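These notes are about the structure you will find just below.
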Amino acid sequence: MRDLTFKIAQRQDAPLILEYIKKLADYEKRLDEVIATEKDIEKWVFDEKQAEVIFALLNDEVIGFALYFLSFSTYIGNVNMHLEDLFIEPEYRGNGYGKSMLKELGKIVLDRGYGRLEWTCLSWNKPSIDFYLNIGAEMKDWELFHFKGKSLEKFVKEQK
């Protein structure tokens, strides 16, 4: 691996974080869903400390990022690192950089004494699913559900 290093994001990286969020959303065919702003990133990642970001750098050039936050597992009685986003620039894929990023995240999990590293993957994203299974990750049988925007407001205001 040629000079791959990792850097923890700082407040001044908010524009770059947003840029990578948009790159991932574009890959996932969901760019139109991104409403996050640099101010949102500054508030929730740096002021409120609700997430962390690391960048993968190859010869000091950013080639990818990962955004994660903590969740809690009642089963194991410990926090988990939930990997929300992982993106490696297309021209650098297939060189082990994604695996290196996951290993770096795994080191953080172990160093901090967290219970596990977990993430979700879109069901249509077969290349990523195959990659995760190939490196030994376990696929669980849960489906992800969520409310947002108008549907959340409607649900909360419902009388019954």
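Of everything listed in (1) under 29 Å from Gln10 (Cα atoms); (2) at pLDDT below 95; (3) under 18 Å from the mean Cα position of the chain (by Cα), the single unmet condition for Phe131 is (1). Residues in the range 1-22 that are of a type in the set (Gly, Ala, Ser) and either without any contact (Cβ under 8 Å) to a residue 40 or more places away in the chain or in a helix (DSSP H, G or I) (or both): Ala14 only. Beta carbons closer than 7 Å, at least 6 apart along the sequence or on distinct chains, pair a first residue in the range 112-138 that is loosely packed, with under 13 Cβ neighbours inside 10 Å with a second that is in a loop (DSSP other than H, G, I, E, B) for Thr120/Leu144; Leu133/Met139.
When Ala51, Ala56 are checked against the criterion of being surrounded by 17 or more Cβ atoms within 10 Å (Cβ to Cβ), at negative phi, touching a residue at least 12 places away in the same chain (Cβ under 8 Å) and touching a Gly at 6+ places or on another chain (Cβ under 7 Å), a single residue qualifies: Ala56.
Is it true that some residue in the range 85-98 is within 29 Å of Lys148 (Cβ to Cβ) and at pLDDT below 95?
Taking the range 85-98 first, the residues within 29 Å of Lys148 (Cβ to Cβ) are 85-90, 98.
If we keep only those that are at pLDDT below 95 too, we end up with 98.
There is at least one residue in the range 85-98 that is within 29 Å of Lys148 (Cβ to Cβ) and at pLDDT below 95.
The single condition among (1) out of contact with any helix residue (DSSP H, G or I) (no Cβ under 9 Å at 6 or more places or on another chain); (2) modelled with pLDDT of 95 or more that Glu28 does not meet is (2).
For the range 24-39, the candidate set comprises residues that are surrounded by 13 or more Cβ atoms within 10 Å (Cβ to Cβ) and out of contact with any strand residue (DSSP E or B) (no Cβ under 6 Å at 6 or more places or on another chain); within that set, the residue that is farthest from Pro127 (Cα to Cα) is Glu38. Could you check Asn80 against (1) buried (at least 17 other Cβ atoms within 10 Å of the Cβ); (2) of a type outside the set (D, E, K, R); (3) out of contact with any Lys or Arg (no Cβ under 6 Å at 6 or more places or on another chain); (4) farther than 21 Å from Glu28 by Cα and say which number it fails? (3) is the only condition that Asn80 fails. Scanning the range 129-147 for residues that are in a helix (DSSP H, G or I) and under 16 Å from His82 (Cβ atoms) yields a single hit, Tyr132.
The values are calculated or read from the model by the stated rules, or taken from the named source; none is laboratory data. Model, not experiment: these values are computed from the prediction. All Cβ positions, even for glycine, are placed from backbone atoms using ideal geometry, and neighbour counts span all protein chains on display.
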